[in-house]
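Engineer: Before I ask anything, let me first share the structure, which is written out below as structure tokens.
The values are calculated or read from the model by the stated rules, or taken from the named source; none is laboratory data. Since this is a predicted model, take the numbers as computed values, not measurements. No Cβ is skipped: glycine too gets one built from the backbone with ideal geometry, and neighbour counts run over all protein chains shown. Note: areas computed on protein heavy atoms with side chains; ligands, DNA, RNA excluded. Shrake-Rupley method; radii C 1.70, N 1.55, O 1.52, S 1.80 Å.
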Amino acid sequence: MGENSSFTLYEGCLIRARLPHLEKSARAVFDRFGIQFSGLEGASCCPDPIGIRGVDEETWLTLAARNLAIAGRHSTPMMTLCSGCYSTFRHAEHLLAKNASVLEKVNNTLHALGYRYSPGLAVEHFARFIIEKIGADKLASQMTDSWKGLPVAVHYGCHFLRPSHIMQFDDPENPTKMEALLRALGAEALDYPQKMLCCGSPIQGIDAELSLRMAYEKLRLMKSHGAKAVVLICPSCYLQFDVLQKSMEQKFGLSLELPILYLTEFIALALGVPPSSLGLHLHRTDTRRLIREIFPEKDSGD
Amino acid sequence: MEVLKQFLKEQDLPQRARACYQCGVCAGGCPVGRWRSDFNPRLFVLNILRDDITEILDHHSIWLCTSCLTCLERCPQKIEVSEIVVQLKNAAARNGNAAESEVKKHREIMKTGWLQNPTKRILRVRQELGLPELPEGIGSSELNHMASRLDWQEKMETLRKRGAQMSAGHEDHDESKKRDSRVD
């Protein structure tokens, strides 16, 4: 990683429209490591790799290829803050690379709009970049505030690692790379069963109750194995676990009270970024009580 | 149905499913199947092997796949079960059956370019957090152009017509569940 690495930033629709605090924490962390972002003008939704692709793969693939074609005009690679967007872009690249007639069809449509998709653009996921290019050692060397042994459950989510033959990163059944980062920042990264269980988010619009049940099961497992917080890397999973946590507690009758932190929030706090600058009040499930406990000398932004 | 069979053939589904010996690892690892007996990826593959997909295409349950990709990772025969499910969903949509929430997503994207758009409040919060202005997104004329190139309106019209028929016919969910368990 050069100190002056830069990326075009692809926030994704959920962070753009609903979760600006997650972008804030990402920018705060990357700023510490001298990484610059520029905006990507003219983009659309990635789009959603499940709902949009499910109804019409051609629409999904064409919009994805258009975004990739726009990003490809920049000299810098593109970074996503969302595992859904990452999944769409990586999967679209894979399909366009392996099927020449699909590529031709997509490029015919794009040509009419003034674009051309050519393979080869590097798309980066923020968490993958942190793990691979910054790394636990460098994070630890910049740490000012340890998480003081806090037991934390990592939720990888499905689309960061799978399909593993495309993503080629960590074990798709039992990943461990994120835990190493958390440990470097002083937390206890918990081992808990069914670590790769889905959060249920994609079927929120189809069967809301089942979707909520799935999210609840996951949080219940984390909680019963001692988690005091959850760290994750996808805004869809975040919406399930943070925004809907109160609904789960009401529906299923168990108090969870599990703060949900984006990986970049977790890192930013350990690097001494003031909690009051991170918009933590935008979490629906309280995080500030925990942060006051761990970092009593800090202003948690109440 | 002939058109659909052609579509599935184009997608090479029978060939992609051929190595399945119905071990059920896909169903065993399925987080939706755990709660819903009418969702069984093994049976989706079986129906393709039997060249009988009529039931799946009409059935609501196929839209319950969360695309967690566990089945794809675990299949001992390396069948990409979740990819087959995507193609079945596409075929169902061409046949006029898609979950309403997903059709809505399509309409929103083709209207604004995004699944969700920031409200004024969120734009204000972005400012308060010191975040830069969001870059301009895709414009509507380009979206319209793309939609026409993709025959998108026609695809949505098929869904609308069939949706109206289905709600007029009050297709009973429990009834279709029973039908599914008989397949097993």
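Engineer: Scan the range B:146-161 residue by residue and report those that are within 20 Å of A:A64 (Cβ to Cβ) and among the basic types (K, R).
Structural biologist: Correct list: B:R149, B:K155.
Engineer: In addition: Is it the case that some residue within the range B:68-82 is at positive phi, in contact with a Ser or Thr (Cβ under 6 Å, 6 or more places away or on another chain), free of Cβ contacts under 8 Å to residues at least 24 places away in the same chain and part of a loop (DSSP other than H, G, I, E, B)?
Structural biologist: Scanning the range B:68-82 turns up at least one residue that is at positive phi, in contact with a Ser or Thr (Cβ under 6 Å, 6 or more places away or on another chain), free of Cβ contacts under 8 Å to residues at least 24 places away in the same chain and part of a loop (DSSP other than H, G, I, E, B).
Engineer: Quick test of your reading of the structure: A:R162 fulfils all but one of (1) under 17 Å from the mean Cα position of the chain (by Cα); (2) open to solvent by 10 Å² or more (accessible area, probe 1.4 Å). Name the failing condition by number.
Structural biologist: (2)
Engineer: For the range B:92-110: of the residues being more than 7 Å from chain A (Cβ to nearest Cβ) and free of Cβ contacts under 8 Å to residues at least 12 places away in the same chain, which is nearest to A:L280 (Cα to Cα)?
Structural biologist: Filtering first and then ranking leaves B:E108.
Engineer: Another question, then. Tally time: how many residues in the range A:59-81 are touching a residue at least 24 places away in the same chain (Cβ under 8 Å), open to solvent by 10 Å² or more (accessible area, probe 1.4 Å) and outside any helix (DSSP H, G or I)?
Structural biologist: Residues flagged as touching a residue at least 24 places away in the same chain (Cβ under 8 Å), open to solvent by 10 Å² or more (accessible area, probe 1.4 Å) and outside any helix (DSSP H, G or I) within the range A:59-81 amount to 3.
Engineer: A follow-up question, please. Taking the range A:190-232 as the region of interest, how many residues are within 26 Å of A:S25 (Cβ to Cβ), open to solvent by 50 Å² or more (accessible area, probe 1.4 Å) and not in a loop (DSSP other than H, G, I, E, B)?
Structural biologist: Qualifying residue count for the region: 1.
Engineer: If you go through the range B:105-126 one residue at a time, do you hit one that is assigned to a helix (DSSP H, G or I), among the aliphatic types (A, V, I, L, M) and touching a His at 6+ places or on another chain (Cβ under 9 Å)?
Structural biologist: Within the range B:105-126 (the criterion being assigned to a helix (DSSP H, G or I), among the aliphatic types (A, V, I, L, M) and touching a His at 6+ places or on another chain (Cβ under 9 Å)), the answer is yes, since at least one residue qualifies.
Engineer: Out of (1) in the same structural domain as A:E41 (by TED's automatic domain parsing); (2) within 25 Å of the chain's Cα centre (by Cα); (3) loosely packed, with under 15 Cβ neighbours inside 10 Å, what's the single condition that is false for A:G149?
Structural biologist: Just one mismatch for A:G149, condition (1).
Engineer: Can I ask one more? If you take the residues in the range A:22-41 that are at the interface with another protein chain (Cβ under 7 Å from one of its Cβ atoms) and open to solvent by less than 20 Å² (accessible area, probe 1.4 Å), which one is farthest from A:S83 (Cα to Cα)?
Structural biologist: A:L40
Engineer: If you check B:R74 against the conditions, is it open to solvent by 10 Å² or more (accessible area, probe 1.4 Å) and assigned by TED's automatic domain parsing to the domain that holds B:A19?
Structural biologist: yes
Engineer: Let me ask you something else. Name the residues in the range B:111-141 that are within 23 Å of A:Q204 (Cβ to Cβ) and either of a type in the set (G, A, S) or more than 8 Å from chain A (Cβ to nearest Cβ) (or both), would you?
Structural biologist: Those that are within 23 Å of A:Q204 (Cβ to Cβ) and either of a type in the set (G, A, S) or more than 8 Å from chain A (Cβ to nearest Cβ) (or both): B:K111, B:T112, B:G113, B:R121.
Engineer: Moving on to the next point. Name the single residue that is farthest from the chain's Cα centre (by Cα) among those in the range A:274-293 being surrounded by 22 or more Cβ atoms within 10 Å (Cβ to Cβ) and hydrophobic (A, V, I, L, M, F, W, C).
Structural biologist: A:I291
Engineer: Further, regarding this structure: From B:R34, B:R42, which residue is outside any helix (DSSP H, G or I), surrounded by 15 or more Cβ atoms within 10 Å (Cβ to Cβ) and free of Cβ contacts under 8 Å to residues at least 40 places away in the same chain?
Structural biologist: That would be B:R34, the only listed residue that is outside any helix (DSSP H, G or I), surrounded by 15 or more Cβ atoms within 10 Å (Cβ to Cβ) and free of Cβ contacts under 8 Å to residues at least 40 places away in the same chain.
Engineer: Right, another one. Is the range A:107-125 home to any residue that is surrounded by 19 or more Cβ atoms within 10 Å (Cβ to Cβ), under 30 Å from A:S224 (Cβ atoms) and aliphatic (A, V, I, L, M)?
Structural biologist: No; the residues of the range A:107-125 include none that is surrounded by 19 or more Cβ atoms within 10 Å (Cβ to Cβ), under 30 Å from A:S224 (Cβ atoms) and aliphatic (A, V, I, L, M).
Engineer: To continue, here is another question. Could you tell me how many of the residues in the range B:6-22 are touching a residue at least 40 places away in the same chain (Cβ under 8 Å) and open to solvent by 70 Å² or more (accessible area, probe 1.4 Å)?
Structural biologist: Qualifying residue count, the range B:6-22: 2.
Engineer: Here's another thing I want to ask about it. Would you mind telling me which numbered condition in (1) open to solvent by 10 Å² or more (accessible area, probe 1.4 Å); (2) part of a loop (DSSP other than H, G, I, E, B); (3) under 30 Å from A:M79 (Cα atoms); (4) not aliphatic (A, V, I, L, M) A:S255 fails?
Structural biologist: (3)
Engineer: May I ask you to say which residue of B:S140, B:S167, B:S148 is closer than 30 Å to B:K5 by Cβ, exposed (fewer than 14 other Cβ atoms within 10 Å of the Cβ) and at pLDDT 95 or above?
Structural biologist: B:S148
Engineer: Then there's this: I'm trying to understand the selection: among the residues of the range B:56-68, which are out of contact with any Leu (no Cβ under 9 Å at 6 or more places or on another chain) and either charged (D, E, K, R) or open to solvent by less than 10 Å² (accessible area, probe 1.4 Å) (or both)?
Structural biologist: Result: B:D58, B:H59, B:S61, B:W63, B:T66.
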